[in-house]
Amino acid sequence: MTLGTVMGGVVWVDQVFPPWSSKLIPMLVVVAAGILLAIYLTRRPPLVNPYRADGTPTYSYLWTGLALVVLLVAGVALSIGLAAMTAAYSLPRDPAVSPAIRTLPCEGRGCSFSVVFEAGGREVTAPYAAGRAPGAIAKPGAPFAYDPAAPTHVMPQGAFEYGRATAPTVVVVSGLAIALIPVVAEIRRRRRG
């Protein structure tokens with residue numbers, strides 16, 4: 001379970017941070033968190049009996065199901081919002097915009113979708129960030145925002161606008177929703193206790 005969690009975290013980091021950013025430090029943080037999780041799971045005290053004295057379970061299927069739905073929806077929103085936000089804030093406030101000449105498909109594992117566009121009178125081919133963000137249109141003729149100082153830092157213009165305007169709110173709300181799950185569980189546990 002822990003190795004799967006670490007690998008999932010590594011894939012998440014790879015998707016959240018733009019293709020041009022260094023992913024070494026975030027990946028090291030994910031690996032360290034996985035090691036700490038493994039230590040906790042092997043050293044923690046055993047779980048208490050999952051049933052009360054009258055034989056009823058100490059957990060609620062309704063609350064467990066609701067928590068899983070919140071975790072899934074908020075996790076997806078957090079990932080998409082964070083990917084758009086990190087890419088948008090690593091570009092200048094007013095990036096240059098150029099229409100896509102063509103887009104290149106992703107072929108194989110670990111690849112990124114790429115775009116070919118004109119920047120400063122020359123053709124640039126670069127993987128683009130935040131392709132799953134709302135407003136991200138990646139087809140020939142679609143506008144792409146890029147950094148004039150580093151033209152390989154590119155993302156769909158709609159995703160850039162989403163990452164600058166709406167994504168910070170989505171990230172905060174999704175993070176709070178995920179953080180409330182253990183708080184609500186603890187409150188329910190104390191009330192039943």
Subject >> Thr125 vs. criteria of a type in the set (Ser, Thr, Tyr) and in contact (Cβ under 8 Å) with a residue 40 or more places away in the chain >> reply: no
**OP:** Name every residue in region 160-172 that is open to solvent by less than 60 Å² (accessible area, probe 1.4 Å) and among the charged types (D, E, K, R), in order of residue number.
**Re:** Arg164
Original post:
So which of Val97, Val183 ends up being β-branched (Val, Ile, Thr), without any contact (Cβ under 8 Å) to a residue 12 or more places away in the chain and open to solvent by 50 Å² or more (accessible area, probe 1.4 Å)?
Top reply: Val183
**OP:** Report whether or not Gly175 is within 16 Å of the chain's Cα centre (by Cα), within 30 Å of Ser60 (Cβ to Cβ) and surrounded by 15 or more Cβ atoms within 10 Å (Cβ to Cβ).
**Re:** yes
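Would you mind finding the one in Gly163, Gly141 that is at pLDDT 95 or above and either part of a loop (DSSP other than H, G, I, E, B) or of a type in the set (D, E, K, R) (or both)? Let's see the steps before the verdict.
Numbers: Gly163 fails: either part of a loop (DSSP other than H, G, I, E, B) or of a type in the set (D, E, K, R) (or both).
Every option except Gly141 fails the conditions.
What do you reckon, is Ala130 more than 16 Å from Ser21 (Cα to Cα) and either under 23 Å from the mean Cα position of the chain (by Cα) or part of a strand (DSSP E or B) (or both)? Steps first, answer last, please.
On the way: more than 16 Å from Ser21 (Cα to Cα): no; either under 23 Å from the mean Cα position of the chain (by Cα) or part of a strand (DSSP E or B) (or both): yes.
So Ala130 does not fit the description; no.
Being aliphatic (A, V, I, L, M) and farther than 17 Å from Ser90 by Cβ is the filter; apply it to region 125-149 and report the residue that is least open to solvent (accessible area, probe 1.4 Å).
Selected residue: Ala142.
Is it true that some residue in region 75-94 is under 14 Å from Pro151 (Cβ atoms), in contact with a Phe, Trp or Tyr (Cβ under 7 Å, 6 or more places away or on another chain) and in contact (Cβ under 8 Å) with a residue 24 or more places away in the chain?
The answer is yes, given that some residue of region 75-94 is under 14 Å from Pro151 (Cβ atoms), in contact with a Phe, Trp or Tyr (Cβ under 7 Å, 6 or more places away or on another chain) and in contact (Cβ under 8 Å) with a residue 24 or more places away in the chain.
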Original post:
Out of all the residues in region 160-171, is one or more within 15 Å of Trp20 (Cβ to Cβ) and of a type outside the set (Gly, Ala, Ser)?
Top reply: yes
**OP:** Using the structure shown, decide if Thr42 is hydroxyl-bearing (Ser, Thr, Tyr), more than 22 Å from the chain's Cα centre (by Cα) and modelled with pLDDT of 75 or more.
**Re:** yes
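The values are calculated or read from the model by the stated rules, or taken from the named source; none is laboratory data. In this text the structure is predicted, and so the values were computed from the model without any measurement. Heads up, the Cβs are rebuilt from the backbone with ideal geometry, glycines too, and the neighbour counts pull from every protein chain shown. These accessible areas exclude ligands, DNA and RNA; they are computed on the full protein's heavy atoms, side chains included. Shrake-Rupley method; radii C 1.70, N 1.55, O 1.52, S 1.80 Å.
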